[in-house]
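See structure below.
The values are calculated or read from the model by the stated rules, or taken from the named source; none is laboratory data. Nothing here was measured: the structure is a model prediction, and the numbers come from that model. Glycine also receives a Cβ, built like all others from the backbone with ideal geometry; neighbour counts cover every protein chain displayed. Just the protein is used for accessible areas: all its heavy atoms, side chains included, with ligands, DNA and RNA removed. Shrake-Rupley method; radii C 1.70, N 1.55, O 1.52, S 1.80 Å.
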Amino acid sequence: MTSAETVERTDAFLATVPDRATEESPAEWWRTAVIYQIYPRSFADASGDGIGDLPGITARLDDLAHLGIDAIWLSPFQRSPQKDAGYDVSDYCDVDPLFGTLADFDAMLAAAHGRGIRVIVDLVPNHSSDQHEWFQQALAAAPGSRERARYMFRDGAGENGVLPPNNWESVFGGPAWTRVIEAGGTPGQWYLHLFDSSQPDFDWSNEEVREEFRRILRFWLDRGVDGFRVDVAHGLIKAEGLPDYIPPADAASMGGEEANVPYWGQEGVHDVYRDWRTILEEYAGDRALAAEAWLPTADKTALWVRSDEMHQAFNFPYLQTEWDAADLRTVIDESLRAFPGVGAPSTWVLSNHDVVRHASRLALTAENPQGHGIGPDSPGKPIPELGLRRARAATALMLALPGSAYLYQGEELGLPEVIDIPGDARQDPTWFRTNGERYGRDGCRVPIPWTADDPAYGFSPSGASWLPQPAEWAKLARTEQVGVEGSTLELYRTLLAERRARSLGAGTLEWIDGFGPDAVAFRNGNVTVIANTGSAAIALPSGTVIAASGPVADGRIPADTTVWLAQD
Ligand code: NOJ
């Protein structure tokens, strides 16, 4: 295989693809679905410009069907100047030419549905790009105008308004306010941007903004998407009067971890999602909303999935839990208590495009605050072999849990975080806004190695890649793992197939004792799951081993290994 466009399939390969197109779609599919995140610019490039695109995704759908996932979530592909890799949208109802056309989107959607794969798309309602027509109109209009009222423009503090209106900081570092030059050429008002200065925040107290997003939801629902992943779903509403905020010293940089932040989790935000829920319910086919809301506990996150709000919320408390049995048992317990308590199932997630990949994160040897990333000068670099072993064990644990699970592209290949990206190749706004003090998120966004021997490992037919791929990735390429017993890809395939066959997503968790303090041990249906997070081996109980994240010999479960045993 030399490119995404020329992927060839053999009959033997296709015979191993689960035939979901003919299966009946279960109602409320999102309760149990395994949803695979595609980060389009890094997935597969059909055009040869070094940036992944929609035709590239279409050409790789058979590989995803072969993996055994239920749905895909696409990070933004809408029109955007790409200042934050597409999370700066300038036209919500069009495809950016980098990724293709609306016709390419329709073709991708039809091809996914034809394989029984649902598709959810990213929606970015907290902010637009500064190149959005509305923001350009706002810049040209006067203070107090209808155009400015769609965003958060305020007069500055201090003499002649030279100071920002309050002390809020951007999640990416630096101030959350930028001052504009008014029509007469003089410095004027300031606008709020919780992220980069190219991402002005909308004013969600403005009915015109609400109406516009109803239109955008309908646009994609009419095209047939199965739902939306809602970006910064805890941030749309800001506290009345925009009061100053002094974050605690240990605040995490993606924000939201701390209590009482005047721009996260304000009560009024829930009305927006109650409104959106009624729109989704106008459509047949179980469309779903998933909240990206960084909140400190499962109980707080569960507020986004009350029965009249969203369907899912990313379980970031789970993602942020260390490889420690007691901590894992606690977060699983809290999740299973909090989420069903509001009528929604729990979700589970270990990696995404904003966090250090779990094949590295689980073996870090120093503190690494969320969003800082890892680079050549970071303290406490991960130990690669340990990271991969733990990542495989952590995934095997996660995929046995009842509820819905999210996977991030490349984790099925065991990809680690890329650490040695040269400064001049880095693109995350975090890197620029902190003058290189934080490396940011590029290390988890490096394009996927599909084939071992082709340029750009088959990511792009021209060999181009928007971030450099490490030389060691040849051995992690998909072609090196498919059909290879014990490979990470085959482990994922086994876990997903057994999870489906045994309906673990719809199951019930029952803790079991007797394996010591370092074990996370439970039953889900007729499957016993034991994860060994400690350094000493644990005796393997009776049963048939149906999946194991690492070699299991002599009746023992080694350190950093998870085993599934069937009792049938
Ligand atoms: C969360 C997204 O996942 C992240 O990638 C983005 O930078 C911010 N929201 C801003 O949209």
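Here are a few things to note about the model shown:
- Annotation for segment 121-151 versus segment 505-548: alpha-carbon center distance of 52 Å.
- Nearby lysines by direct alpha-carbon distance to Lys238 (threshold 22 angstrom, same-chain neighbours under 8 apart not counted): Lys300
- Note on segment 287-423: percent of Cα-Cα distances in each 5 Å bin, starting at 0 and stopping at the bin with the largest distance, equals 2, 10, 20, 22, 19, 13, 8, 4, 1, 0.
- Long-range HN-HN contacts of Trp177 with modeled amide H, under 5 Å: His193
- Once the mean of 1/r is taken over each pair of separate Cα atoms and inverted, the chain shows a Kirkwood hydrodynamic radius of 24.3 Å.
- Loop-located GluC sites (Glu not before Pro) in segment 193-245 (DSSP state not H, G, I, E or B) with no more than 11 neighbouring Cβ atoms inside 10 Å: Glu240.
- Separation of alpha-carbon centers, segment 423-487 and segment 39-89, rounded to whole Å: 14 Å
- Mean Kyte hydropathy of -1.0 or more with a Cα span along the axis of at least 15 Å, helices from DSSP in the chain: 102-114, 269-280, 325-341, 384-398, 488-501
- Candidate aspartates and glutamates - alpha carbon under 15 Å from Lys381, same-chain residues fewer than 8 apart omitted: Glu367, Glu417, Asp420
- Inter-probe distance in nm under a simple model that places probes 7 Å from Cα toward Cβ, at Glu385 and Asp94: 5.4 nm
- Per-q log10 I(q)/I(0), segment 425-464, q = 0.21 Å⁻¹ (Debye; single scatterer per alpha-carbon; no solvent): -0.66
- Size-normalised alpha-carbon gyration radius of segment 90-188, reference 2.2 N^0.38 Å: 1.53
- Segment 135-259, Rg to Rh (Cα coordinates; Rh as Kirkwood inverse mean 1/r): 1.00
- Rounded FRET efficiency, nearest 0.05, which uses the C-beta distance separating Asp377 from Ala501 and R0 of 45 Å: 0.45
- Efficiency of FRET between Asp222 and Phe432 - r from beta-carbon atoms, R0 45 angstrom, step 0.05: 0.75
- Remark: segment 21-109 projects, on average over all directions, an area of 6.5 nm² (convex hull of Cα atoms).
- Centre-to-centre, using Cα atoms only, segment 300-318 and segment 164-229 are separated by 23 Å.
- Label zone at Val482 (point 7 Å along Cα-to-Cβ), backbone N below 12 Å, segment 37-66: 60-66
- With the whole protein complex present, Lys83 retains an accessible surface near 100 Å², based on a 1.4 Å probe.
- Proportion of all alpha-carbon pairs of segment 360-479 beyond 22 Å (%): 40 percent
- Karplus-derived 3J(HN,Hα), 6.51/-1.76/1.60, for each residue of segment 404-413, Hz, glycine and proline x: 10, 10, 9, 10, 10, 3, x, 5, 5, 9
- Here the scattering of segment 486-547 is modelled by Debye summation over its C-alpha atoms, one equal scatterer each and no solvent; at q = 0.12, 0.27 Å⁻¹ the log10 of I(q)/I(0) is -0.33, -1.23.
- For Arg287, solvent-accessible area (1.4 Å; no DNA, RNA or ligand), Å²: 40 Å²
- Plainly put, segment 434-568 has a radius of gyration that is 1.10 times its Kirkwood radius, both from alpha-carbon atoms, as the Rg/Rh ratio.
- Segment 296-388: trypsin sites (Lys or Arg not before Pro) in DSSP loop, at most 10 other beta carbons within 10 Å: none
- GluC sites (Glu not before Pro) lying in DSSP loop within segment 477-568, provided at most 11 other Cβ fall within 10 Å: Glu485
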